[in-house]
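To start, the structure under review is shown below, and the notes come after it.
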Amino acid sequence: MPELSQRSRQILYAAVVEFVETGEPVGSRTLSKKAGLDLSPATIRNVLSDLEDAGYLQQPHTSAGRIPTDKAFRLFIDALMERRELSPDDAARIRQSFNRFEPGGDFMRETGKLLSDLTGTAALVVSPRADVLTLKHLRFIRTNPGELLAVLVMANGTVQNRFVTSHAADQELESIHNLLDDVIEGRTLGELRELFARRLASERVQNDELRRQAFQLGEAAVKGSSNTTANVVIEGQSKLLEQREFANAEGVKKVVTVLDDRNALVTLLDATIEARGATVVVGREAGELGGGQLSIVGAQYTDHGRNAGTVGVIGPTRMDYPKVLPLVTATAHAMSAFIERSSERDLSKRLPDDDD
């Protein structure tokens, strides 16, 4: 496919901007009047026809104007648009909101509400996967003979509880806590699973009853976390349903079906985890998501430099990408900073991996 000429790129840019604003098929007369193009309607019409032949535009009806295809939006996002700077008002709102947030589960929901309000569409926040959560405290509480409740407090403020089998005496638990405190803080659950397995395989630990019990309990506590699946928080569904593309019953059904399929949303947002900044999955790049009429803009957030989860928005393909992309990026950065601030006062320096 030959590269588009400067004139074709200019007209395609104008057509995408007009369609994003109105949601209506775009005609040559509209572009000649509103887009500031110093070209006649006939010239614009010829270029629109060429763009349609090249797969960038499609015509719903022979008498109607044209609408951009996924190919057009991809070119627009990657090469044509100028991403806007975050406005001072939006930057202040994000900063003030995160200054008010408290660590824990509500933090993710409040983040979703904030991003939905800023972008005018549905927002998605995927919780950190268990393996990348950083453990801050681990305590065992006697519940029944032969049973303990393991309480895991994460660096981001979330708490996990699970029951483990143990016949350790109550007077031994304090020593076990002290031993585990020396190795757990600052490590992720995935790292701790590997560490405990390695320590338990050593002869030194096997010959030390207290250490063996401590690492067995630690292994049992973090092993159960591998079954903890990522949680998806969705806020602002009503804003998505208000979009004209989904105003009829069929459109509502498509949106509800998409939002109910949490696993599919997590998979799509996973595509952002290796990217720097916000990335976009447009229309049918996401398969049949919403009948090919939906796009996702997502960005990763981190927990002390480690990839943790993703935050983003889901909306019609004619989203205002120059506005949405910096909002998603700024929210992801604010989430990362919030998680780090929430734990830095208590998080000690990570200890070397030794067998002491």
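The values are calculated or read from the model by the stated rules, or taken from the named source; none is laboratory data. None of the values given here were measured: they were computed from a predicted structure. Backbone-built Cβ (ideal geometry, glycine too); neighbour counts: all protein chains shown. What goes into the accessible areas is simple: the full protein's heavy atoms, side chains included, and nothing from ligands, DNA or RNA. Shrake-Rupley method; radii C 1.70, N 1.55, O 1.52, S 1.80 Å.
Quick rundown of the values:
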read-out: Among (1) among the charged types (D, E, K, R); (2) part of a loop (DSSP other than H, G, I, E, B); (3) touching a residue at least 60 places away in the same chain (Cβ under 8 Å), the one test that Asp182 misses; value: (2)
read-out: Scope the stretch 71-96; condition closer than 21 Å to Val281 by Cβ and surrounded by 14 or more Cβ atoms within 10 Å (Cβ to Cβ); matching residues; value: Lys71, Ala72, Phe73, Arg74, Leu75, Phe76, Ile77, Leu80, Met81, Arg83, Arg84
read-out: Check on Thr134, open to solvent by less than 30 Å² (accessible area, probe 1.4 Å), among the β-branched types (Val, Ile, Thr) and modelled with pLDDT of 95 or more; value: no
read-out: Residue match in the stretch 226-239 (condition: farther than 30 Å from Gly287 by Cβ, touching a strand residue (DSSP E or B) at 6+ places or on another chain (Cβ under 9 Å), assigned to a helix (DSSP H, G or I) and without any contact (Cβ under 8 Å) to a residue 60 or more places away in the chain); value: no
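Let's see how each residue does on (1) assigned to a helix (DSSP H, G or I); (2) more than 30 Å from Leu118 (Cα to Cα); (3) of a type outside the set (Ser, Thr, Tyr):
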position	(1), (2), (3)
Leu149	no, yes, yes
Gln160	no, yes, yes
Phe163	no, yes, yes
Glu172	yes, yes, yes
Arg193	yes, yes, yes
Arg212	yes, yes, yes
Glu245	yes, no, yes
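Rundown of residues vs (1) open to solvent by less than 100 Å² (accessible area, probe 1.4 Å); (2) out of contact with any Asp or Glu (no Cβ under 7 Å at 6 or more places or on another chain); (3) modelled with pLDDT under 95, yes/no style:
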site: Gln10; (1), (2), (3): yes, yes, yes
site: Glu21; (1), (2), (3): no, yes, yes
site: Gly27; (1), (2), (3): yes, yes, yes
site: Ser32; (1), (2), (3): yes, yes, yes
site: Leu39; (1), (2), (3): yes, yes, yes
site: Tyr56; (1), (2), (3): yes, yes, no
site: Gln59; (1), (2), (3): yes, no, yes
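One line per residue, one yes/no per condition, for (1) of a type in the set (A, V, I, L, M); (2) open to solvent by less than 10 Å² (accessible area, probe 1.4 Å); (3) out of contact with any Ser or Thr (no Cβ under 7 Å at 6 or more places or on another chain); (4) under 16 Å from Ala264 (Cα atoms):
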| residue | (1), (2), (3), (4) |
| --- | --- |
| Gly290 | no, yes, yes, yes |
| His304 | no, no, no, no |
| Val313 | yes, yes, no, yes |
| Lys323 | no, no, yes, no |
| Met335 | yes, yes, no, no |
